[in-house]
């Protein structure tokens, strides 16, 4: 890394104060952090791209046809409908 820094200092004299060989570990750490941030943000972007249309579709199904949503809930998790109804009743009693 120090060889690269000296080469860059020779080619770009304006960077000679930033690209000193004693700063090599700090620049290495900064590069690693930036690369990690780039990878994490790319993964979150990919997840968002795939999950956003799926969540919009689920909300549309619930709003347009609630019976289909109830059928889907019964198919996926059999006891979820009763638990959801109990939760909604508790919320209703709290707010009323």
Just checking, how many residues over region 18-27 are within 14 Å of residue 4 (Cβ to Cβ) and surrounded by fewer than 11 Cβ atoms within 10 Å (Cβ to Cβ)? 1
Any residue that is more than 27 Å from the chain's Cα centre (by Cα) and not in a loop (DSSP other than H, G, I, E, B) - is there at least one of those in region 37-45? no
Only one of these conditions is not met by residue 30: (1) surrounded by 11 or more Cβ atoms within 10 Å (Cβ to Cβ); (2) in a helix (DSSP H, G or I); (3) modelled with pLDDT under 85. Which number is it? (3)
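The values are calculated or read from the model by the stated rules, or taken from the named source; none is laboratory data. On a predicted model such as this, the values are computed, not experimentally measured, just so you know. For neighbour counting, all protein chains shown are included, and Cβ atoms are generated from backbone atoms with ideal geometry for every residue, glycine included.
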